[in-house]
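First the structure, in the form of structure tokens, and then the observations on it.
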Amino acid sequence: MNILIIFDSLYGHTEKIAHAMQEELSKDHEARMEHVLNIGLGDLAHVDLVIIGSPTHGGYETEDIKVFLDGISDNALRGKRTAAFDTSIVKEKQNPILGKIIDWFGHAVNRIEGEMIEKGATDVQKESFLVDGTTEMLKEGELERAKAWARELVG
């Protein structure tokens, strides 16, 4: 299977998740990981599985991910397996105000899923990976969870 993982990362967390997935998928598949700014519109042509990841900021994906998705044709993802992921702050460890903001705006993965569907995807698998808001590091075990999710995507 030919797999393309497209990501944007502001603090390195989303890139680490993408790298863990690429590492796991490369064991049995042709898996490539690219920053969204390095992707051309033709890069999707011969891909069987497209995975798009972004950090969550105010409930949204990064502007670069949004611009990329807005720029591809309405049928660019038709007939492809698709998945979306984000990195988000652990809600439980936040002050009540930030917790309410997380409740109100949600996670970027839901918006990415909607935009992928607009571009022809039919069944977008999605996952959120957690960042500890206190330490500002990926929550323990998230890289292993990313590898396991990657295996599920191709299973």
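The values are calculated or read from the model by the stated rules, or taken from the named source; none is laboratory data. Everything numeric here is computed off the predicted structure, so don't read it as measured data. Note that each Cβ is placed from the backbone with ideal geometry, even for glycine, and that neighbours are counted across all protein chains shown. Note: areas computed on protein heavy atoms with side chains; ligands, DNA, RNA excluded. Shrake-Rupley method; radii C 1.70, N 1.55, O 1.52, S 1.80 Å.
Observations on the model:
- The accessible-area ordering, largest first, of the residues I51, I117, I39 stands as I117, I39, I51, per a 1.4 angstrom probe.
- Above-threshold pairs, the threshold being 25 Å between Cα atoms, out of K27/K66; K16/K126; K119/K139; K80/K139: K27/K66; K119/K139; K80/K139
- Antiparallel %, DSSP beta bridges [both residues in the chain], to 5: 10 percent
- Residue order for T14, T122 - accessible surface, 1.4 angstrom probe, largest first: T122, T14
- Probe 1.4 Å - accessible area at H19, Å² to nearest ten: 90 Å²
- Under conditions of 37 °C and 0.692 mPa s, the chain yields 212 µm² s⁻¹ as its translational diffusion coefficient, taking Rh as the Kirkwood radius over Cα pairs in the Stokes-Einstein equation.
- Computed from the C-beta positions of E63 and Y11, the FRET efficiency with R₀ = 25 Å rounds to 0.95.
- Most fluctuating residue given options K80, K27, K66, as computed from a GNM of the chain linking Cα atoms under 10 Å: K27
- Accessible-area value, S9, 1.4 Å probe, nucleic acids and ligands omitted, Å²: 30 Å²
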